[in-house]
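Chemist: Submitted below is the structure of interest, expressed as structure tokens.
The values are calculated or read from the model by the stated rules, or taken from the named source; none is laboratory data. In this text, all values refer to a predicted model and were calculated from it rather than measured experimentally. Here the Cβ positions follow ideal geometry from the backbone for every residue, glycine too, while neighbour counts run over all protein chains shown. Only protein heavy atoms, including side chains, enter the accessible area calculation; ligands, DNA and RNA are left aside. Shrake-Rupley method; radii C 1.70, N 1.55, O 1.52, S 1.80 Å.
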Amino acid sequence: MKAVLRTRSLPALLLAALALVVATVLAPGATAVTSVSGIAQALRKSPVHVEPAASGQLSRADADGLAKRIKGAGKPLFITVLPADYPTANLFSDLRTATGITGLYAIRLGDRFDARADSSVLSRTAVRNLVASVQGEDARTQLADFTDRALANMGGRAPASWGGPSGGTGASSTVLITAGVVLVAGGAGAYTLVRRGRRRRAEEQRAALDRLRVVVDEDITAFGEELDRLDFHPAEPGADDAMRADYERALDAYDRAKQYMAGARGPEDVRPVTEALEDGRFSLARLAARREGRPLPERRPPCFFDPRHGPSVTDAAWTPPGGSLREVPVCAADATRLADGRDPVIREVDTDQGRRPYWDAGPAYGPWAGGYFGGGLLPGLLAGTLLGSLMSTPSYASDYGTGYGDFGADGYQGGDVSGADFDPGDFSGGFGDGGGFDGGGGGGDFGGGF
């Protein structure tokens, strides 16, 4: 009898249990978001974490593709996709502390996007420019673009915790012997292909440098003519030690530019040349101000449209054909032209398609522009242009290096486990608690522009 009663009560028990599960799942607030510690744990295993409540923003396939790309580049880039209502207070600093790994952290929060990085991996200015360059894009495009551009700019190495591909207990001796035979048989062919590829790349680099040399020689010549027009004599009446020092620095810059160009073996060697010319032109601007009794100019990048115009005096809104609006540094003459609705005087160079602006002339102009503008400004300035698109890819970095920026690979320790030992200023603000999403940049953090 008892057995019969137990049997009859089993469906009722199952129904009660099912009702309890349904009530738990559907209860308000029952679907808890992953804690910061949980996200950090996920990021220590993989570079991309998509919160379940935000899975509609980025598919599993797209997330896996991003993770594969980041792991392949070997850089400490961490991407998190969260729902719009995820708590934002101190989100970046808390996540960095919980993860404990030096790197670049990017977060897509609803339709908002921001990033922070340890300065040893990527400068704050570079982070700000990279974030600005992808604002307004859909999640898939935004995260893909940011990943490509970040990997081309950042330093450091992937954390060891990401590991490599998982496998079984090991290969059998037969498999190893077979693989060895295949490797030996293909070795000669592979070596031939590698040599052929290196030879072709060297030829392409030489051809690019030859074309670039024409433009750089024009820059050096123009700077020499500026020195002549200045007609300054160290012993002239009114000359003082400060004027003579400015003049000496300008002459030294002119000599360095010629020496660097004479020793250039590839497009990446051009960056020191244009760096020297930029420094020399600023010295001339200071000297001119001293001679005329004007206030000394602040250090600003050259005119974006043509660095031969000299140091910029202001920033102006400009939209490249097919691109988005951005602020660019301009000289006084181009600022007036833009204000009057006229076109600026743009530096054009020879290409296979005829005369084109330098930012549409090919990858070799990356190091050339980087010497003038540095890595902090360059990604934002060139976003949406042919050169900007090329420079934001890992393949560009492998061919031309990251020498167009202010930071190379040496000295970066990204990917190291540093725990809570990091500069909190690198991860402050963002998403409404002092960053640039609610109020346009809170103290210099991430406001529209660069």
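Chemist: Report, by residue number, each residue of the stretch 52-84 that is among the charged types (D, E, K, R), over 25 Å from Asp118 (Cα atoms) and open to solvent by less than 50 Å² (accessible area, probe 1.4 Å).
Modeler: Asp62
Chemist: In addition: Let me confirm something: among Pro87, Pro47, which residue is open to solvent by 40 Å² or more (accessible area, probe 1.4 Å) and either modelled with pLDDT of 90 or more or out of contact with any Gly (no Cβ under 8 Å at 6 or more places or on another chain) (or both)? Explain how you work it out, then say what you get.
Modeler: Working: Pro47 fails: open to solvent by 40 Å² or more (accessible area, probe 1.4 Å).
When all the criteria are applied, what remains is Pro87.
Every residue, every condition in (1) part of a helix (DSSP H, G or I); (2) within 27 Å of the chain's Cα centre (by Cα); (3) at pLDDT below 90; (4) not aromatic (Phe, Trp, Tyr), yes or no:
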site: Gly164; (1), (2), (3), (4): no, yes, yes, yes
site: Gly168; (1), (2), (3), (4): no, no, yes, yes
site: Ala171; (1), (2), (3), (4): no, no, yes, yes
site: Val175; (1), (2), (3), (4): yes, no, yes, yes
site: Gly180; (1), (2), (3), (4): yes, no, yes, yes
site: Leu183; (1), (2), (3), (4): yes, no, yes, yes
site: Arg195; (1), (2), (3), (4): yes, no, yes, yes
site: Glu203; (1), (2), (3), (4): yes, no, yes, yes
site: Glu225; (1), (2), (3), (4): yes, no, no, yes
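Chemist: Is there any pair linking a residue in the stretch 102-121 that is touching a residue at least 12 places away in the same chain (Cβ under 8 Å) to one that is basic (Lys, Arg) and surrounded by fewer than 22 Cβ atoms within 10 Å (Cβ to Cβ), with Cβ under 9 Å and at least six apart or on different chains, and which?
Modeler: Pairs found: Arg116/Arg124; Ala117/Arg124.
Chemist: Does at least one position in the stretch 107-115 carry a residue that is within 18 Å of Leu43 (Cβ to Cβ), under 14 Å from the mean Cα position of the chain (by Cα) and at pLDDT 90 or above?
Modeler: Yes, because at least one residue in the stretch 107-115 is within 18 Å of Leu43 (Cβ to Cβ), under 14 Å from the mean Cα position of the chain (by Cα) and at pLDDT 90 or above.
Chemist: Follow-up. Could you figure out which of (1) open to solvent by less than 40 Å² (accessible area, probe 1.4 Å); (2) not in a helix (DSSP H, G or I) isn't true of Pro237?
Modeler: (1)
Chemist: I'd like to know if the stretch 300-312 contains one or more residues that are assigned to a loop (DSSP other than H, G, I, E, B), on the phi > 0 side of the Ramachandran plot and open to solvent by less than 50 Å² (accessible area, probe 1.4 Å).
Modeler: yes
Chemist: Quick test of your reading of the structure: Thr336 fulfils all but one of (1) out of contact with any helix residue (DSSP H, G or I) (no Cβ under 7 Å at 6 or more places or on another chain); (2) of a type in the set (Val, Ile, Thr); (3) within 18 Å of Leu382 (Cβ to Cβ). Name the failing condition by number.
Modeler: (3)
Chemist: Okay, moving on. For the structure I just gave you, tell me whether Gly238 is over 21 Å from Glu348 (Cα atoms) and touching an Asp or Glu at 6+ places or on another chain (Cβ under 8 Å).
Modeler: Judged against the criteria, Gly238 is not a match.
Chemist: Another question, if that's okay. Look through the stretch 313-327, keep the residues that are more than 18 Å from Val134 (Cβ to Cβ) and of a type outside the set (D, E, K, R), and return whichever of them is surrounded by the most Cβ atoms within 10 Å (Cβ to Cβ).
Modeler: Ala316
Chemist: Something else: If I ask for residues that are in contact (Cβ under 8 Å) with a residue 12 or more places away in the chain, part of a helix (DSSP H, G or I), more than 21 Å from Phe232 (Cβ to Cβ) and of a type in the set (A, V, I, L, M), which ones from the stretch 244-299 would you list?
Modeler: Met261, Val270, Val273
Chemist: Another question, if that's okay. Report whether or not Gly156 is within 22 Å of Lys71 (Cβ to Cβ) and either part of a helix (DSSP H, G or I) or modelled with pLDDT under 60 (or both).
Modeler: Against the criterion (within 22 Å of Lys71 (Cβ to Cβ) and either part of a helix (DSSP H, G or I) or modelled with pLDDT under 60 (or both)), Gly156 does not qualify.
Chemist: Identify the single condition in (1) loosely packed, with under 15 Cβ neighbours inside 10 Å; (2) in a loop (DSSP other than H, G, I, E, B) that Arg355 does not satisfy, given that it satisfies every other one.
Modeler: Answer for Arg355: the failing condition is (2).
Chemist: Looking at Ala144, is it surrounded by fewer than 23 Cβ atoms within 10 Å (Cβ to Cβ), in contact with a Phe, Trp or Tyr (Cβ under 6 Å, 6 or more places away or on another chain) and assigned to a helix (DSSP H, G or I)?
Modeler: no
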